[in-house]
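Read the figures in this text as sums done on the coordinates, not as results from a lab. These numbers come from a predicted model, not from an experiment. Backbone-built Cβ (ideal geometry, glycine too); neighbour counts: all protein chains shown.
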Amino acid sequence: MKQGFSLIELAVAVAIILLLAGVAFPRIGGWRDWIAADQAAREVTTALAVARHSAATRATRVRVLIGPDSLRLEGFADKGWEPWWGTAGPSRLGVSLSVSNSVVVFGPTGMGWGASNTTIVLRRGSQVETITVSRVGRVKRW
């Protein structure tokens with residue numbers, strides 16, 4: 001009775017593994033793009049939701065400053081805008097940012113402050129995430 005595998009059997013097994021890896025590897029890059037773009041979109045929508053909620057609960061204006069390198073929340077106080085919270089932006093994930101209005105302000109009722117809608121587009125590879133903020137403060141992710 002023979003123990004182990006022959007050289008030919010091992011070569012066939014390695015060839016099958018390499019073939020499967022060659023087919024699966026390009027798809028991993030697409031998954032990484034999707035994960036990074038999704039995480040960046042979640043961070044932006046969370047910042048917008050926190051700002052809107054904070055404006056309504058504190059009865060003050062709150063603004064979100066959206067940049068490729070940072071996301072910041074600032075509240076309006078007696079002395080002007082005060083920083084409340086901040087984090088690194090989507091560029092740390094390799095995600096590019098295109099925004100129609102980099103400052104989104106929510107009023108004391110949670111409604112959008114200003115007359116224009118904002119569109120935020122996050123891209124990495126073939127993955128694109130689009131977020132819109134309406135004049136009334138609604139945030140929608142496409």
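Placing dummy labels 7 Å off each Cα toward the beta-carbon, the span from Asp69 to Ile8 is 6.3 nm. The calculated 222 nm mean residue ellipticity attributable to helices in the chain amounts to -13500 deg cm²/dmol, summing -39500 (n - 2.57) over DSSP H runs of n ≥ 4 and dividing by all residues.
If packing is taken as the average number of other Cβ atoms within 10 Å across a peptide's residues, how do 36-43, 54-61 rank, most packed first? It would help to have the intermediate numbers written out before the result.
Details: 36-43: 19.5, 54-61: 16.0.
Packing order, densest peptide first, comes out as 36-43, 54-61.
Dipole magnitude for the chain: computed about the Cα centre from +1 point charges on Lys and Arg Cβ and -1 point charges on Asp and Glu Cβ, it is near 340 debye.
Projecting the Cα positions of Thr130, Val14, Gln3 onto the charge dipole of the chain (unit charges on Cβ atoms of Lys, Arg, Asp and Glu, taken about the Cα centre) puts Thr130 furthest along the positive direction.
Taking Cα atoms, how many degrees apart are the long axis of helix 7-58 and the longest axis of the chain, rounded to 10 and kept between 0 and 90? Helix 7-58 sits roughly 10 degrees off the main axis of the chain. Seen from Trp34, the other residues with C-beta closer than 11 Å to its C-beta sum to a net charge of 0, counting Lys and Arg as +1 and Asp and Glu as -1. Here the contact order of the chain, divided by its residue count and restricted to Cα pairs under 8 Å and six or more residues apart, works out to 22 percent. The GNM of the chain, with springs linking C-alpha atoms under 10 angstrom apart, assigns the highest mean-square fluctuation among Pro68, Pro26, Pro83 to Pro26.
Give the average over all directions of the projected area of the C-alpha convex hull of the chain, one decimal, in nm². Please list the in-between numbers first.
Details: hull surface 50.6 nm².
Mean projected area of the Cα convex hull: 12.7 nm².
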